[in-house]
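As structure tokens, the structure follows; a few thoughts come after it.
The values are calculated or read from the model by the stated rules, or taken from the named source; none is laboratory data. On a predicted model such as this, the values are computed, not experimentally measured, just so you know. All Cβ positions, even for glycine, are placed from backbone atoms using ideal geometry, and neighbour counts span all protein chains on display. To get the accessible areas, we keep the full protein, side chains included, count just its heavy atoms, and leave off ligands, DNA and RNA. Shrake-Rupley method; radii C 1.70, N 1.55, O 1.52, S 1.80 Å.
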Amino acid sequence: LEELQHEIDGDNQQKIEEEFGDVMFSMINYARFLKVNPEDALERTNKKFIKRFQYLEGKAKELNKSLKDMTLAEMDVYWEEAKKI
């Protein structure tokens with residue numbers, strides 16, 4: 001993570017991507033030690049995100065607003081509600 005932060009500070013997109021890839025690779029490798037299937041974990045997270053985002057879209061529709069017209073603070077309120085469902 002320190003190497004990634006160093007490249008972020010240096011603002012070199014190619015090096016940032018390389019270090020970001022290293023972080024992802026390390027996390028996937030760490031998953032083996034935790035006996036976690038990284039693909040299953042990512043799939044579960046994607047489904048959770050989709051469910052929460054759909055909740056947020058529904059709330060925006062109830063308010064007759066588009067997401068682009070909502071502030072981050074407004075969206076955060078509904079995102080936190082969605083996390084409780």
Query raised in the report: Measuring with a 1.4 Å probe in the full set of protein chains, what accessible area per residue, in whole Å², belongs to the chain?
Result: 87
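Run the accessible area of the chain with a 1.4 Å probe and give the carbon-and-sulfur part as a rounded percent.
Taking all protein chains in place, the chain shows 55 percent carbon and sulfur surface.
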Query raised in the report: Residue farthest toward the positive end of the dipole of the range 1-51, with Cβ of Lys/Arg at +1 and Asp/Glu at -1: which of GLN14, ILE28, PHE49?
Result: PHE49
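Please pull out the direction-averaged projected area of the chain, using the convex hull of its alpha-carbon atoms, in nm² to one decimal place.
Values: hull surface 31.6 nm².
Approximately 7.9 nm², given one-decimal rounding.
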Query raised in the report: Helices from the chain with mean Kyte-Doolittle at least -0.5 and a Cα length along the axis of 15 Å or more, per DSSP H: which?
Result: 13-34
Query raised in the report: Given +1 on the Cβ of Lys and Arg, -1 on the Cβ of Asp and Glu, and no further charges, what dipole in debye does the chain carry about its Cα centre, rounded to the nearest 20?
Result: 860
Query raised in the report: Relative contact order for the chain using alpha-carbon pairs under 8 Å, separation at least 6, rounded to a whole percent?
Result: 20
